[in-house]
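As structure tokens, the structure follows; a few thoughts come after it.
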Amino acid sequence: MNSIFLDTLNNKPTSRPPVWFMRQAGRILPSYQKLKKQYSFTEMMQSPELAAKVTLLPIDDLEVDAAILFSDILIVPEALGMGLEFTDKGPLFNNPLTKYESPASHLKKDTKTLEHVYENIKKVIETRPKNIPLIGFCGGPLTTFCFMFRGHVRDVSFHDAIKFLYSNPQESMKILEALTELSVEYVRNQAINGIECFQLFETYSGLIPEQMYLEKILPLSKKILNEARNYGLPTIFFPKGFGNGLSYITKDICDFLSVDWQMNLKHARKIISSDIGIQGNIDPRILYSSYTDIEVYLSALKSFGEKNNNWIINLGHGFLPDIDYKKAKFVVEWIKQTNWKR
Ligand code: CP3
């Protein structure tokens, strides 16, 4: 496949940095909002035709260099018997783990609910424009664990999950290990069905001390990422809020690190191992600014892109739902028409 995105991941020289956006499938696109009037999020996610269509919408509407599968990280705990529902206010489990004395024993693996994802992947591969690679993903163990304890959609502190992690460390490890085992199987099946790159979303790595993440969680994240590698796929790890902990991530964990918007990009390059590429880290809120201010922000990234071939442009976290998609399109156009002097 002739892809600037895959070339960058494989350390081949390219004339410009590739670009895609976290949360590009759905959310901000008027074409998606239109479909949402007709179908629920779950309906779209479970139908190969619709899921493939939404996966590919940003290729047409934003002209990004890669597609990410339209799905969600929470379908992995759903396949452990947690009864997932996407309400208007956000995702909700019918059986949050807070309900149980020893929650690990209530996790019952039933992978039937993941089967549609593999059909969706096949459909994307069948219908995509040529040279557009497909990114598969799943949630990091800590992030997924956090949601599993969330009884209320408005709880974003994940108090119950973190309290459980400290007060029941052994039971917590059982849950984290069950999640990891299923995630490994899930990644394997995504790889077998045709994804070309794998990203692990560990959005809430910053909720616990760096040392604790490195000791308790990172070995599990590594197992999931390594499974993708076993199938020859390049891997991207997004530990949001991990700060200077990024300096401890080594090449045996991932090929690229996705850096969040809190960190200065040059600082990230200084502390991250030189054999690991960087993805990121546009502040998603910049897309609320005027075109002029966005252009000033992007121009400041130019010298970084001239010097660093192993850089994928992306956001430092996903699109916010109320931005104007034309601003995102403008970012892509700017990247494509800039002379990166490579
Ligand atoms: O990047 C993409 O566009 C691919 C699809 C994707 C979705 N969710 C679709 C989605 C991906 C990669 C995710 C990851 C995800 N899901 C994460 C990690 C990344 C991050 O942004 O932090 C997390 C924490 C979730 C859990 C989740 N799913 C929440 C908190 C919500 C509700 C709030 C929101 O984002 O809208 C969802 C629902 C969800 N997942 C939607 C989409 C398009 C919105 C559903 C709708 O249209 O109503």
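The values are calculated or read from the model by the stated rules, or taken from the named source; none is laboratory data. Worth saying up front: this structure is predicted, and the values here are computed from it rather than measured. Please note: Cβ atoms are built from the backbone with ideal geometry, for glycine as well, and neighbour counts cover all protein chains shown. All accessible areas refer to the heavy atoms of the entire protein, side chains included, with ligands and DNA or RNA removed. Shrake-Rupley method; radii C 1.70, N 1.55, O 1.52, S 1.80 Å.
A few points about this structure:
- Complete set of residues in the stretch 161-191 that are within 15 Å of Pro103 (Cβ to Cβ) and within 16 Å of the ligand (Cβ to nearest atom): Ala161, Ile162, Leu179
- Residues located in the stretch 5-57, provided they are more than 9 Å from the ligand (Cβ to nearest atom), in a loop (DSSP other than H, G, I, E, B) and open to solvent by 20 Å² or more (accessible area, probe 1.4 Å): Asn10, Asn11, Lys12, Pro13, Ser15, Arg16, Tyr39, Ser47
- Residue list for the stretch 115-141, restricted to those being hydrophobic (A, V, I, L, M, F, W, C) and either more than 11 Å from the ligand (Cβ to nearest atom) or surrounded by fewer than 24 Cβ atoms within 10 Å (Cβ to Cβ) (or both): Val117, Ile121, Val124, Ile125, Ile132, Leu134, Ile135, Phe137
- With respect to being open to solvent by less than 40 Å² (accessible area, probe 1.4 Å) and in contact with a Gly (Cβ under 7 Å, 6 or more places away or on another chain), Val153 fits the description.
- Test: residue in the stretch 186-197 that is over 30 Å from Asp61 (Cβ atoms) and either touching a Lys or Arg at 6+ places or on another chain (Cβ under 9 Å) or open to solvent by 20 Å² or more (accessible area, probe 1.4 Å) (or both): yes
- The listed residue being closer than 29 Å to Gln33 by Cβ and open to solvent by 10 Å² or more (accessible area, probe 1.4 Å), out of Lys89, Lys163, Lys174, Lys108: Lys89
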